[in-house]
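One structure is given here, and the rest of the page talks about it.
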Amino acid sequence: MNNSSHAPTDHFTSRVPFDNGRIRAAAVYCSDGRFGEQFDDLMKNSLQLPRYDRLAVPGGAACLARHFVSFREEEGVAEQLRFLIDVHGLQRVVLIAHQDCAFYTKRLKISPLLLKTQQHDDLAKAVKRVQSLGPNLRIDVFFARPNTDKTVSFETVSL
């Protein structure tokens, strides 16, 4: 039995109003929860894309970069993105990578010395993969980096 003061309740109602409108944008990013609020901040406040569709998976756009070890993930994410393009009428996709991503060092076995270069190469490959799913999509690409003052900076990646 859980004696925590934060025991789950059998009912919760969000006070956040529901908006049925679609904004026709999605983001593909790493599921690393340390960056979740900052990713939302970028999407909502910098790019003016509230209520965007989210595809959060380990490594984010890395799984769209044709790595053999992540073939199954790539097919799954590509199919989910294709669904969102068709059913939600996506017009814009934002790809976000972040510094020191464990998917690269643990799953892909990329040396920390080659990490940033590999991530930028993978973002370019991911853009091509997304374009193959929706040739008329606007695609924005960012690299997130934590700062010493506990903020996160997003730099636009030019490909």
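No value in this document is a laboratory result; all are computed from the given coordinates. Since this is a predicted model, take the numbers as computed values, not measurements. Virtual Cβ from ideal backbone geometry, glycine too; neighbours counted across all protein chains shown.
General remarks:
- Which of GLU37, GLU73 has the fewest Cβ neighbours within 10 Å, and the rest in rising order: GLU37, GLU73
- Between the alpha-carbon centres of segment 1-70 and segment 76-149 there is a gap of 15 Å.
- Ranked list, fewest to most other Cβ atoms within 10 Å of each Cβ, for PHE143, PHE83: PHE83, PHE143
- Net charge dipole size for the chain [Lys, Arg +1 and Asp, Glu -1 on Cβ; Debye, nearest 20]: 280 debye
- Bridgeable aspartates and glutamates around LYS106 (alpha carbons under 15 Å apart, same-chain partners fewer than 8 residues away excluded): ASP32.
- When DSSP beta bridges are restricted to pairs lying wholly in the chain, around 25% turn out antiparallel.
- Counted residue by residue at 0.36 nm each, then reduced by the alpha carbon distance between them, the extension gain from PHE18 to THR117 reaches 31.6 nm.
- As a proxy for reagent exposure, ranking ARG82, ARG34 by other Cβ atoms within 10 Å from fewest up yields ARG34, ARG82.
- For segment 93-105, putting each phi into the Karplus relation 6.51 cos²θ - 1.76 cosθ + 1.60 with θ = phi - 60° gives couplings of 10, 10, 10, 10, 10, 9, 4, 6, 6, 5, 4, 6, 6 Hz, in residue order, rounded to whole numbers and with x for Gly and Pro.
- Estimated FRET transfer efficiency (LYS128, THR105; beta-carbon r; R0 25 Å; 0.05): 0.55
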